[in-house]
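A short worksheet on the structure shown next.
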Amino acid sequence: MLRTSLRSVRAVGSRPVAAAAARQWQPAVARSAGAAARRCFADGKKASIDDSRPVKLPSTETNSAASSEPPSLRTESYIDSTIIEPKDAPLTPPAPEPVVSSTKTAAPLPPPAPVKKKGFFRRLRNYVLTLVLLGAVTFGGGVWYSRINDNFHDFFTEYVPFGEQAVLYLEEMEFRKRYPGHSVGGTWNKDTGAQVKISPQSGASWRVADSGEPAGRQSSATRDVAASKTAASAPGSAKTAAVTEANPAPDSSEKELKPVAKSSEAPKAAVSPDAAFAEPQAKAKKSSRSSRKGKTDFKAPEVDEPSRFPPASPIDPLKVKDAQEPVVQDLVKMLNDIIAVVNADNADDRFSSTIGKAKNELNKVGSKIRDLKAKVESDAAAQVTSKVNEFETAANELVGRVEKAMIGQESQWRAEFEEEMKRIQSTYDERIKTEIEKEKQVNEQKLNNKLLEQAIELKRQFLKDVKSRVEEERSGRLGKLDQLSSSVKELEQLTTGWNDVVDVNLRTQQLHVAVEAVRASLEDVEHPRPFVRELVALKEIAAEDPVVNAAIGSINPSAYQRGIATPSQLIDRFRRVASEVRKASLLPDDAGVASHASSWVLSKVMFKKQGLAAGDDVESILTRTQTYLEEGNLDAAAREMNGLQGWAKTLSKDWLGEVRKALEVQQALDVIAAEARLQSMQVE
Amino acid sequence: MPETSVPAPPSTVSRPVSEALLNEKWDRCLSNMLIKSSLGLGFGVVFSVLLFRRRAWPAFVGVGFGAGRAYEECNYSLKQASRDLKKKAT
């Protein structure tokens, strides 16, 4: 599936190329356009076989071929193909078979060898080209990116060939662009490969100050360049600074040795024997020269020996003993030049005599000059001695005068000095006096101050003492006051205690009053009435008394809500109750109507007892109760009535309750009264 | 005093005093007997008129029945009361 789609795409893509071919040959285009319908068309023509030219296959052709054609042609061909196609055009995805078949048909048709060769070369070339292009682009990209990313820079410079150089070059370019003034300094990069030599005299040396240039360590590139320039200007010296350093040293040595050989650079001076101490370079030159002229001279090859031998030339250069005179020097130089010329010309024989003469003359001249010099010197010495004598006398006089003046001045100065000293002493004395006075004053002041301080201190102490005394006094009085206040407090306590006592008394009185009020409310009225208010007042007065509270709590609430019956009422009611009880007095245990009726009838005929009748029957109990009631003994009456049984008891129940209530109230009141009495007794 | 006079009436109304217990029972018994005997009398009279050709004894029998019934009831109530008393005592 994938392959077929690819193929179809390729066929479509190669269409323009095919069109390009179509401009030259129509059938080939038609075939390359690739459709089954066109195969028959191609078969019909088959012109491609006859054609000598190799058929261009779309697959072999490159897209970037030079043979590109105007699009109009392509459209024509396309139209042609479309005109032919529609009858049996394949469905949307062109089947792979037609392409294969076309290739099959196409493959045998052209002579395969040349086509393939050409295609191969072209492909190779293109491949190489693209490879080179790609490589260049990646290299360039790498260089560019290595300037951005440090990690990549390391990687690139380490692993990619020529990468480091390229990156370095680029950086240098940028550096130059950024700092144009340093463009000269770029040269120092180049001699990195060269071996660096350090001269033996570089750095610190025993010499205090070198007459030569202040060479040595190269502090900067520009200076180094200048040094190299000077080195280049010097003949026969190397470019490096080491040699330039080495140059002046022999120069100075030569100067010290001999003034004649001052210009050692000149080759004539090199000829002189003193130049043997010169640098080996000069020696080599000389040797070369000697070898050059040594066609006649046999001693030339032995020059490696000490350099005194080579000057043993046919004519010796002049040696003058007294060559101090400049004139003689010049003459000697001239003569030496001449000798050198003569030597160079190999005309030694001819000029040897004349030159010998000249030498002698020169020697003579030298001696004369020396004599002259000696004479002049002696004269000068005499003059000098006389002058010296004169000057000495003058000097002595001068000295004497000066000494006199000095002495005078000295005495004057001394006097002045003494005067000054005296003045200064006096002033200092004065100053000292004043100082001393001041000191004295200050001391006095200080002493006064101290005295004052002491006085103040004493005063303070006195004050303190007084204060402490006063404090003591005060504290004593205060102690007394405290005692007083405590006693007053005690008194207060006592009074409060008495107040309490009074209060308690009052309360007990109130209690008494309240109890009396309750009792009065109970007794002095004909009918029973509630005594709640009196009881509440009583309770308020004896709020914290537990006994009173308990007594009040023992009273039945209905008693003080409705009031209790008076004794007369109780007796009245007892009469009624007694008649009823008598009616039921003869009832048996399990009484019916008949027994009730009989008891009622029989009770009418029973005898009545009197007084405290002895016995346990109902009649006697009733009579006893009645007597107790008449005596006013409610308690005993209640007890008697409580001893009844059966119907009699039930009938007398209400009356008994009444009596009990009255008794309870009475008891409680008694208790409260006793409590009040007790309290009043406790207070006393 | 209004406060003293007010609470007294309800006590008498709500609960009879203990000494009036028996009297009350007797009252109930008597009224009951009267009613029952009169009822019996009435029934006896009707029976005598309708069935027994105005004979007297059916009326007496009726009264007897009524009185007997009332007596029994009264007896029962009294015994019950005495039993209740015993239970309370024990």
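The values are calculated or read from the model by the stated rules, or taken from the named source; none is laboratory data. Quick caveat, the model's predicted, so the values are computed rather than measured. Cβ: placed from backbone, ideal geometry, glycine included. Neighbour counts: every protein chain shown. Heads up: the accessible areas ignore ligands, DNA and RNA and are worked out on the full protein's heavy atoms, side chains in. Shrake-Rupley method; radii C 1.70, N 1.55, O 1.52, S 1.80 Å.
Among all residues of the stretch A:382-394, there is none that is modelled with pLDDT under 95, among the aliphatic types (A, V, I, L, M) and open to solvent by 100 Å² or more (accessible area, probe 1.4 Å). Among the residues of the stretch A:592-615, at least one is in a loop (DSSP other than H, G, I, E, B) and within 13 Å of another protein chain (Cβ to nearest Cβ). For the stretch A:536-549, the condition of being open to solvent by less than 30 Å² (accessible area, probe 1.4 Å), farther than 26 Å from A:Gly657 by Cα, in contact with a helix residue (DSSP H, G or I) (Cβ under 8 Å, 6 or more places away or on another chain) and not in a helix (DSSP H, G or I) holds for at least one residue. Can you spot a residue in the stretch A:499-510 that is outside any helix (DSSP H, G or I), hydrophobic (A, V, I, L, M, F, W, C) and modelled with pLDDT under 80? The answer is no; no qualifying residue exists.
Listed by position, the helices (runs of 4 or more DSSP H) enclosed by chain B that each have at least 1 residues that are of a type in the set (Val, Ile, Thr) and either modelled with pLDDT of 80 or more or farther than 30 Å from A:Leu644 by Cα (or both) are B:2-5, B:21-50, B:57-89. Taken over the stretch A:328-356, residues that are at pLDDT below 80 and in a helix (DSSP H, G or I) amount to 5.
For the stretch A:636-659, the set of residues classified as open to solvent by less than 10 Å² (accessible area, probe 1.4 Å) and within 16 Å of A:Ser579 (Cβ to Cβ) consists of A:Met641, A:Leu644, A:Ala648, A:Leu651, A:Ser652, A:Trp655, listed by residue number.
Applying the criterion of being within 14 Å of the chain's Cα centre (by Cα) and away from every other protein chain (no Cβ under 12 Å) to the residues of the stretch B:41-90, the residue that is most open to solvent (accessible area, probe 1.4 Å) is B:Arg69.
One residue stands out among those in the stretch A:555-586 that are among the aliphatic types (A, V, I, L, M) and more than 8 Å from chain B (Cβ to nearest Cβ): the one that is nearest to A:Ser652 (Cα to Cα), which is A:Ala578. If the condition is being closer than 15 Å to A:Leu669 by Cβ and basic (Lys, Arg), then the stretch A:501-532 contributes only A:Arg519.
Comparison of A:Ala674, A:Ala584, A:Ala614 shows that the only residue that is modelled with pLDDT of 85 or more and either hydrophobic (A, V, I, L, M, F, W, C) or in contact with a strand residue (DSSP E or B) (Cβ under 6 Å, 6 or more places away or on another chain) (or both) is A:Ala674.
All told, B:Lys36 meets the bar of being in contact with a Lys or Arg (Cβ under 6 Å, 6 or more places away or on another chain), of a type in the set (Lys, Arg), within 14 Å of chain A (Cβ to nearest Cβ) and surrounded by 16 or more Cβ atoms within 10 Å (Cβ to Cβ).
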